[in-house]
Amino acid sequence: MRWFLTAILLVHGLIHLMGPVKALGLAPLPQLSKPISLAMGAVWLLAAVLMFAALTALWLWPRGFWALALLAVIFSQLMIVSAWPDAKFGTLANAVILVPTIAGFLMFGPLSLHEQLLRDSSALRAAEPVTVTENDLARLPAPVATYLRRVGVVGQPRVQSYSLRFYGRIRATSHDKWMPFRAEQVSFTNPPTRLFWMHATKAGLPVAVYHRFVGGEATMHVKLLGAISMVDARGAVMDRSETVTLFNDMCILAPASLLGPHIDWEPVDAHTAKAHFSLGQNTITATLIFGDNGLLRDFISDDRSRLSADGKSAEKLRFSTPVRDYRKFGPVLLASHGEARWHAPDGDYAYGEFELVDLTYNKRR
């Protein structure tokens with residue numbers, strides 16, 4: 001679909017260059033029977049430039065595509081109307097471009113879930129971080145302390161916030177087809193907050209998902225085409241599940257946050273530790289498993305629930321997130337690949353696969 005739209009924008013933009021060519025007398029162009037003034041030629045050129053700008057945004061700035069494409073269609077259609085007998089079929093191209101333009105507006109425009117992510121994150125401010133020292137690790141179980149040393153948080157600022165982007169694929173059940181997605185997330189450690197936006201594709205149609213977890217209360221909205229509500233979930237079960245997810249993020253994406261005040265640690269053995277993480281009305285328990293290299297290998301919790309497709313019911317299941325492929329993100333070593341797994345009565349399966357693209361700590365807004 002993107003390649004088809006690229007071709008339409010490119011060809012349509014090139015056709016609009018006929019306007020300034022005729023206005024300047026560079027070629028007779030009998031296809032345009034009416035004369036074109038220099039002023040109108042400039043508007044034809046503007047329409048072409050906007051088409052090329054929309055094409056560039058389609059690949060390099062998807063969230064801004066809709067605005068540029070809308071301007072391109074408006075100026076293009078004005079020029080087509082001015083030369084209607086000769087250019088009327090250009091309306092068909094504009095109609096084709098208008099469809100993804102509307103979809104882009106619904107996915108990224110001022111009323112979209114993505115815009116809500118930006119509004120929510122801009123309303124929060126992180127405190128000034130202090131530096132992690134070796135003494136801070138003293139109260140941690142040995143494998144957790146080793147993990148924090150191994151990933152390189154000692155000597156780095158404590159994490160007050162983290163912003164990240166990743167991509168992957170997701171599915172509801174083991175029998176469903178995988179849906180590709182890309183996601184953006186902004187999280188804060190004090191107060192614990194998680195804002196997660198995802199753009200997935202289901203049967204070729206865009207789906208927007210927004211998880212909002214603030215003040216210990218969670219909501220999840222899913223919208224087909226960015227407009228048609230599919231899921232609007234909230235409540236105690238979701239609050240508990242999102243508490244697990246937030247703590248999971250802390251363990252994998254922000255190891256320095258494991259020095260925070262909401263965690264009671266329980267040593268198990270040289271490769272395992274249990275954590276009891278409290279937030280609001282919920283206290284969840286997770287088991288962290290570390291490899292011989294000291295790095296986190298898996299995270300397991302029995303306090304998360306799998307939602308039904310419509311978000312109206314939930315089933316409590318064991319949840320785990322095996323991780324691997326550690327690499328540097330700034331000064332810290334983090335897992336770049338992870339899975340989210342349900343341990344269901346009919347068999348374990350991965351419902352999500354994630355590849356971390358970039359991550360920034362304590363970003364100033």
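General remarks:
- Over segment 243-312, the hull volume per residue, using the convex hull of the C-alpha atoms, is 105 Å³.
- Globularity ratio of segment 106-198, using Cα Rg and 2.2 N^0.38 Å: 1.44
- Residue-count net charge about ALA200 - beta-carbon cut-off 15 Å; Lys, Arg +1, Asp, Glu -1: +3
- Summary of the geometry: segment 292-343 and segment 201-275, compared by the centres of their Cα atoms, lie 10 Å apart.
- Size descriptors for segment 325-365: radius of gyration and Dmax over Cα atoms are 14.6, 46 Å.
- Greater than 23 Å apart at Cα, pairs in LYS328/LYS363; LYS202/LYS363; LYS223/LYS316; LYS202/LYS316; LYS274/LYS312; LYS202/LYS312: LYS202/LYS363; LYS223/LYS316; LYS202/LYS316; LYS274/LYS312
- Segment 204-347: mean projected area of Cα convex hull, nm²: 10.7 nm²
- q = 0.31 Å⁻¹: log10 I(q)/I(0) that the Debye formula gives for segment 135-177, counting C-alpha atoms only: -1.14
- Highest average packing first - 173-180, 272-279, Cβ atoms within 10 Å: 272-279, 173-180
- Taking every protein chain into account, the accessible area of the chain amounts to 48 square angstrom per residue (probe 1.4 Å).
- Protection proxy ranking of 302-313, 47-58, by the mean of other Cβ atoms within 10 Å over each peptide's residues and highest first, is 47-58, 302-313.
- Segment 203-325: relative contact order in percent, alpha carbon pairs under 8 Å with at least 6 residues between: 17 percent
- Relative to the longest principal axis of the Cα atoms of the chain, the long axis of helix 90-108 lies at roughly 20 degrees.
- Relative contact order, whole percent, for the chain stands at 12, derived from Cα pairs under 8 Å and 6 or more residues apart.
- Values of log10 I(q)/I(0) for segment 12-160 across q = 0.09 Å⁻¹ run -0.51, by the Debye formula with one identical scatterer at each alpha carbon and no solvent.
- Shape category assigned to segment 146-210 from the gyration tensor of Cα positions, a/c cut at 1.5: prolate
- Listed candidates (i) 37; (ii) 43; (iii) 26 - label of the one calculated as percent of Cα pairs over 35 Å apart: (i)
- Compactness index (Cα Rg / 2.2 N^0.38 Å), segment 279-365: 1.29
- For the listed peptides 25-34, 148-157, 12-21, a ranking on the average number of other beta carbons within 10 Å per residue, highest first, reads 12-21, 148-157, 25-34.
- Of the accessible area of the chain, computed with a 1.4 Å probe over protein heavy atoms only, carbon and sulfur atoms account for 62 percent.
- Loop-located chymotrypsin sites (Phe, Trp or Tyr not before Pro) in segment 61-113 whose Cβ has at most 10 other Cβ within 10 Å (DSSP): PHE89
- Loop sites in segment 1-96: trypsin sites (Lys or Arg not before Pro), DSSP, at most 14 other Cβ within 10 Å: LYS88
- 10 Å-binned pair-distance histogram of segment 18-91 (Cα, whole percent): 21, 46, 25, 8
- Cα principal axis extents for segment 92-156, largest first, Å: 67, 24, 18
- Per residue convex hull volume, Cα atoms of segment 147-256, in Å³: 117 Å³
- Rounded to the nearest 10 degrees, the inclination of helix 236-253 to the longest alpha-carbon principal axis of the chain is 90 degrees.
- Rounded tilt (10° steps) of 113-122 against the dominant C-alpha axis of the chain: 60 degrees
The values are calculated or read from the model by the stated rules, or taken from the named source; none is laboratory data. Only a predicted model underlies this, so the values are computations on that prediction, with no experimental measurement involved. No Cβ is skipped: glycine too gets one built from the backbone with ideal geometry, and neighbour counts run over all protein chains shown. Heavy atoms of the whole protein, side chains included, go into the accessibility calculation; ligands, DNA and RNA do not. Shrake-Rupley method; radii C 1.70, N 1.55, O 1.52, S 1.80 Å.
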